[in-house]
Amino acid sequence: MSLLAKRAGRVDSSGIRRVFELARSMKDPINLSIGQPDFDVPDAVKAAAIGAIEQGQNSYTPTNGIIPLREQLIEDEKVFTGRDYSLDEMLITSGVSGGLFLSLLALVDDGDEVIIPDPYFVMYKHLVNLNGGKAVYLDTYDDGFSIDPDKLAALITPKTKILLLNSPGNPTGRVFNSDELRAIAAVCEKHNVFIITDEIYRAFAYKPMQSISEFTDNCLVLAGHSKSFGMTGWRLGYAVGPTEIIQAMATLQQYSFVCAPSVAQYAALACPQTDMTSKLSDYAVKRDLMFEALSGSFEVGSADGAFYLFVKAPEGYNGDSFVETAIENNVLIIPGSVFSERDSHFRVCYTVPNDKLLQGAEILCSLMR
């Protein structure tokens, strides 16, 4: 008899593992696979972290997070969405990943159906499966990676509980416009489907970006500092939404993560005084460079936001086989099958210096010839 719990078998990391096994023999690869910014944490935020350590802010914080940070983020939400949340509606989490884990743990019972637009962030289906839910995939390939409200409605059953939304999207780079968000919200309101909206890439939007929370009360927003301030390793995010759900997540956090990292919370108080405009505008340049370099040879999806391009594999390849060929040519990319029930695309991250981007694009295009 296996010692492992059955839930451990519901999570499969083989897709990404296979890529990195292929990459082990690579020497100084052009790495277009890592989904994190290539800029460092701003000096002012580092100084705030050092100051917090030196001032003894090294112990547990309240489970919900320190009040000054919650107040700061409530103000941020008011500016961004116009919504005025209370302290009881705000929870500081260990990254957006922690927020995803806690929200699904709080909301998903065995057999509950969770609609996941496909392509999707790699964690979504695994966390649904881990909690005993059933992932139901909404294929968006034929709709430009948008969500057709009629197709969404057609997937809803009496067991449907949640729609997992991601805008700006990973891996597609798609940003939903206000008409799309309003239509999605209307379908979910009509059928009493709760929305979890993952907005970690808010700062990396190259067209106007809105939150679906502007169009419905029936949602939980997950966001954070990891991407926009280069703090991916600091594990700092937040969840904001209905009090009942936030407090359930806080209770679960008390018995799991306990609290988000204390030093990161105090350091984040310096974020509003830090101007990231130039860093973020650099990514619009990277997006343009990479989109132009690849779109002449490949079918490239929307590049509205985040720092990803979702690219269709050329004729004669599927996503997995093209990635293997790219790795053989010293370019590390991720197969689309990691993020999808299809195996037709691959993901490119434009999070490296521009000269490396162009080198990588040149090699990828050469594989078409």
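If the condition is being among the hydrophobic types (A, V, I, L, M, F, W, C) and either in a helix (DSSP H, G or I) or more than 17 Å from F194 (Cβ to Cβ) (or both), then the stretch 132-182 contributes F145, L152, A153, A154, L155, V175, F176, L181.
Matching residues to (1) at pLDDT below 95; (2) outside any helix (DSSP H, G or I); (3) out of contact with any strand residue (DSSP E or B) (no Cβ under 7 Å at 6 or more places or on another chain); (4) of a type outside the set (V, I, T):
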| site | (1), (2), (3), (4) |
| --- | --- |
| Q36 | yes, yes, yes, yes |
| A48 | no, no, yes, yes |
| G51 | no, no, yes, yes |
| Q57 | no, yes, yes, yes |
| G65 | no, yes, no, yes |
| P68 | no, no, yes, yes |
| I74 | no, no, no, no |
| Y85 | no, yes, no, yes |
| L104 | no, no, yes, yes |
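State whether the residues of the stretch 152-163 include one that is assigned by TED's automatic domain parsing to the domain that holds G99, over 18 Å from V128 (Cβ atoms) and crowded, with 19+ Cβ neighbours inside 10 Å. Among the residues of the stretch 152-163, not one is assigned by TED's automatic domain parsing to the domain that holds G99, over 18 Å from V128 (Cβ atoms) and crowded, with 19+ Cβ neighbours inside 10 Å, which makes the answer no.
The single condition among (1) under 29 Å from D76 (Cβ atoms); (2) part of a loop (DSSP other than H, G, I, E, B); (3) not polar (S, T, N, Q) that F298 does not satisfy is (1). For the stretch 89-102, the tally of residues that are in a strand (DSSP E or B) and of a type outside the set (S, T, N, Q) stands at 3.
With the checklist (1) crowded, with 20+ Cβ neighbours inside 10 Å; (2) out of contact with any strand residue (DSSP E or B) (no Cβ under 8 Å at 6 or more places or on another chain); (3) assigned to a helix (DSSP H, G or I) in hand, flag the one item M249 doesn't pass. Every listed condition holds for M249 apart from (2). Within the stretch 195-202, is even one residue in a loop (DSSP other than H, G, I, E, B), over 19 Å from F101 (Cα atoms) and in contact with a Gly (Cβ under 6 Å, 6 or more places away or on another chain)? The answer is no, given that none of the residues of the stretch 195-202 is in a loop (DSSP other than H, G, I, E, B), over 19 Å from F101 (Cα atoms) and in contact with a Gly (Cβ under 6 Å, 6 or more places away or on another chain).
Do we find that P242 is surrounded by fewer than 22 Cβ atoms within 10 Å (Cβ to Cβ) and either more than 22 Å from the chain's Cα centre (by Cα) or closer than 24 Å to Q36 by Cα (or both) in this structure?
Values: surrounded by fewer than 22 Cβ atoms within 10 Å (Cβ to Cβ): yes; either more than 22 Å from the chain's Cα centre (by Cα) or closer than 24 Å to Q36 by Cα (or both): no.
Here the answer is no, as P242 does not meet what is asked.
One residue stands out in the stretch 335-362 among those that are surrounded by 20 or more Cβ atoms within 10 Å (Cβ to Cβ) and in contact with a Ser or Thr (Cβ under 7 Å, 6 or more places away or on another chain): the one that is nearest to D118 (Cα to Cα), namely G336. Selection over the stretch 6-24 of residues that are surrounded by 10 or more Cβ atoms within 10 Å (Cβ to Cβ), at pLDDT 70 or above and outside any helix (DSSP H, G or I) gives a count of 2. Summed over the stretch 308-318, residues that are surrounded by fewer than 24 Cβ atoms within 10 Å (Cβ to Cβ) and either at pLDDT below 95 or not charged (D, E, K, R) (or both) total 6.
Would you please list the contacts, defined by Cβ atoms under 8 Å and residues six or more apart or on different chains, that run from a residue in the stretch 59-73 that is at positive phi to a residue that is in a helix (DSSP H, G or I) and not charged (D, E, K, R)? So the pair list comes out as G65/Q265.
Among residues of the stretch 164-178 that are farther than 16 Å from G301 by Cβ and assigned by TED's automatic domain parsing to the domain that holds Y137, those with a Cβ under 8 angstrom from a residue that is buried (at least 24 other Cβ atoms within 10 Å of the Cβ) and charged (D, E, K, R), sequence gap 6+ or separate chain, pair up as L164/D198; L165/D198.
Taking the stretch 124-145 as the search range and keeping residues that are under 26 Å from V311 (Cα atoms) and buried (at least 20 other Cβ atoms within 10 Å of the Cβ), which one is nearest to the chain's Cα centre (by Cα)?
Here is the first cut: in the stretch 124-145, the residues under 26 Å from V311 (Cα atoms) are 124-127, 135-145.
This time we only want the ones that are buried (at least 20 other Cβ atoms within 10 Å of the Cβ), so: 124-125, 127, 140, 145.
Values: Y124: 9, K125: 13, L127: 14, T140: 17, F145: 15 Å.
Only one residue tops the list, namely Y124.
Candidates are the residues of the stretch 205-233 that are under 21 Å from A44 (Cα atoms) and surrounded by fewer than 23 Cβ atoms within 10 Å (Cβ to Cβ); the one that is modelled with the lowest pLDDT is S226.
The values are calculated or read from the model by the stated rules, or taken from the named source; none is laboratory data. Quick caveat: nothing in here was measured; it's all calculated off a predicted structure. Neighbour counts run over all protein chains shown; Cβ positions are idealised from the backbone, glycine included.
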